[in-house]
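A.B. asks: Sending over a structure as structure tokens; questions will come in a sec.
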Amino acid sequence: MSDYPTDLSRLTGPQLVRLFLDAVDSRPTTDAERAEFFDFKARVFATLADRDDNPDAVKAAARARADRDRILARIEDAMGGDR
């Protein structure tokens, strides 16, 4: 289970950035940890995009979701997929 907060709605922009930078410093080592990190990154940038209508944040959230999905697919493939 990750230590990333689930409700980001009450955090300010600077608090979100601080949490994200802390997550970057945690250096996830397993695929599961990396997937959790990219999920968190997507949620942080989606929150920022919603608040500020920021197209760069929208792109960053989409890239993070794509990275998360790629890692989850790799995990599923390693576990034998949908057999």
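A.B. asks: What is the chain's relative contact order, in percent, from Cα pairs under 8 angstrom and six or more apart in sequence?
C.D. replies: Worked out over the chain, it gives 29 percent.
A.B. asks: Right, next: Multiply the residue separation of ASP69 and THR6 by 0.36 nm, subtract the distance between their alpha-carbon atoms, and state the gained length in nm to one decimal.
C.D. replies: 20.8 nm
A.B. asks: Given a Förster distance of 22 Å, report the FRET efficiency between ASP56 and LEU21 from their Cβ-Cβ distance, rounded to the nearest 0.05.
C.D. replies: Computed FRET efficiency for ASP56 and LEU21: 0.85.
A.B. asks: While we're here: Ranked highest first by the average count of other Cβ atoms within 10 Å around their residues, in what order do 60-67, 27-34, 16-23 fall?
C.D. replies: Ranked from most to least packed, the peptides come out as 60-67, 16-23, 27-34.
A.B. asks: Given a 1.4 angstrom probe, I'd like the percentage of the accessible area of the range 13-81 that is carbon and sulfur, rounded to a whole number.
C.D. replies: Its accessible area is 54 percent carbon and sulfur atoms.
A.B. asks: Run lengths n ≥ 4 of DSSP H only: what is the helix-derived mean residue ellipticity at 222 nm for the chain, with -39500 (n - 2.57) per run over all residues, to the nearest 500?
C.D. replies: -24500 deg cm²/dmol
A.B. asks: With charges only on Cβ, +1 for K and R and -1 for D and E, what is the dipole size of the range 13-81 about its Cα centre, in debye, rounded to 20?
C.D. replies: Magnitude of the dipole: close to 100 debye.
A.B. asks: Using alpha carbons only, what's the Rg to Rh ratio of the range 13-81 with Rh from Kirkwood?
C.D. replies: Taking Rg over the Kirkwood Rh, I get 1.04.
A.B. asks: What is the helix-to-structure angle for 31-52, meaning the angle in degrees between its Cα long axis and the longest Cα principal axis of the chain, kept from 0 to 90 and rounded to the nearest 10?
C.D. replies: Roughly 30 degrees between the two axes.
The values are calculated or read from the model by the stated rules, or taken from the named source; none is laboratory data. Predicted, not measured: the structure shown is a model, and the values here were computed from it. Because the Cβ atoms are built from the backbone with ideal geometry, glycine has one as well, and the counts that use them run over all protein chains shown. The area values use the complete protein model at the heavy-atom level, side chains included, leaving out ligands, DNA and RNA. Shrake-Rupley method; radii C 1.70, N 1.55, O 1.52, S 1.80 Å.
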